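First comes the structure, then the notes that go with it.
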Amino acid sequence: GNVEAATIIAGGDVVLNSGMQGAMKGSIWCGGNVSGKFFEQTTIRAKGNVNANSILNCEIDAGEDITVSGKLGIIVGGNIKAAHSISATAIGNIAEVKTYVQAGVSAEALYKINSLENQIETYKQNIEKLDKINFLLNEKERKDGGSDDINRNRMQCMRSKITINSDLSNAAMERKTLLDKVNKSADSKIVVSRSIHPG
């Protein structure tokens, strides 16, 4: 039914039979789609689509499409972003409430991809350096025999490499997610079927 200032987290879809009045505290985080009759002062992060009859003063970031249709079909106020498309009957109102609507990938996302690529390259270079150090330690051990210092340095190398590999994996995953968004946004669009107001 109706939801107020709650936090809803789901791996899949979130379906509200009525809507959500979040009072700037309510939020929905999900790995699928979000649908409801209305969303007011609510934060929504969805990997899929967001569907509603009206969206008022919300912060929404959808990985696919945002569709606002039905009797009202309006988006008023807030910050509305979708990776692919946004469609509504009307955006804004006669009071010229500031409403930010964006389809596609932001400049910040492109900057982040570039930053991640630099990080990934640095991680790879650091792993190569650690591999060289490890090789030299093995050579030293072969020539001079083992020692506590060599074992300590080898363990430190191994720990550093595990940490960097983990960081590399996370950075690569984040980069892939952002690149997927860029690909989806190639033909991004905003469609308003009736009216769009100043502001």
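The values are calculated or read from the model by the stated rules, or taken from the named source; none is laboratory data. Just so it is clear, the structure is predicted and the values come from calculations on it, not from any experiment. FYI the Cβ positions are ideal-geometry reconstructions off the backbone, even for glycines, and counts take in every protein chain you see. All accessible areas refer to the heavy atoms of the entire protein, side chains included, with ligands and DNA or RNA removed. Shrake-Rupley method; radii C 1.70, N 1.55, O 1.52, S 1.80 Å.
In table form, for the structure just shown:
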{"read-out": "Any hit, segment 186-195, residues being over 30 Å from residue 85 (Cα atoms), small (Gly, Ala, Ser) and modelled with pLDDT under 95", "value": "no"}
{"read-out": "Some residue of segment 171-191 being surrounded by fewer than 14 Cβ atoms within 10 Å (Cβ to Cβ), of a type in the set (D, E, K, R) and not in a helix (DSSP H, G or I)", "value": "yes"}
{"read-out": "Pairs with Cβ under 9 Å, 6+ apart, first in segment 128-148 and outside any helix (DSSP H, G or I), second among the charged types (D, E, K, R) and surrounded by 10 or more Cβ atoms within 10 Å (Cβ to Cβ)", "value": "147/140; 147/141"}
{"read-out": "Flag if residue 105 is assigned to a loop (DSSP other than H, G, I, E, B) and within 23 Å of residue 177 (Cα to Cα)", "value": "yes"}
{"read-out": "Selection count, segment 152-170, where residues are over 28 Å from the mean Cα position of the chain (by Cα) and open to solvent by 60 Å² or more (accessible area, probe 1.4 Å)", "value": "6"}
{"read-out": "Residues of segment 149-181 satisfying the condition of being touching a residue at least 12 places away in the same chain (Cβ under 8 Å), farther than 17 Å from residue 114 by Cβ and of a type outside the set (A, V, I, L, M, F, W, C)", "value": "153, 154, 160, 161, 165, 167"}
{"read-out": "Residue list for segment 67-92, filter: without any contact (Cβ under 8 Å) to a residue 40 or more places away in the chain, farther than 16 Å from residue 106 by Cα and touching a strand residue (DSSP E or B) at 6+ places or on another chain (Cβ under 6 Å)", "value": "67, 68, 72, 74, 75, 76, 77, 78"}
{"read-out": "Entirely in segment 1-46, the strands (runs of 3 or more DSSP E) that have 2 or more residues that are surrounded by 18 or more Cβ atoms within 10 Å (Cβ to Cβ), at pLDDT 95 or above and hydrophobic (A, V, I, L, M, F, W, C)", "value": "27-30, 38-40, 43-46"}
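Condition check ((1) among the hydrophobic types (A, V, I, L, M, F, W, C); (2) crowded, with 18+ Cβ neighbours inside 10 Å) across all residues:
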{"site": "65", "(1), (2)": "no, yes"}
{"site": "70", "(1), (2)": "no, no"}
{"site": "75", "(1), (2)": "yes, yes"}
{"site": "93", "(1), (2)": "no, no"}
{"site": "111", "(1), (2)": "no, no"}
{"site": "119", "(1), (2)": "no, no"}
{"site": "125", "(1), (2)": "no, no"}
{"site": "134", "(1), (2)": "no, no"}
{"site": "140", "(1), (2)": "no, no"}
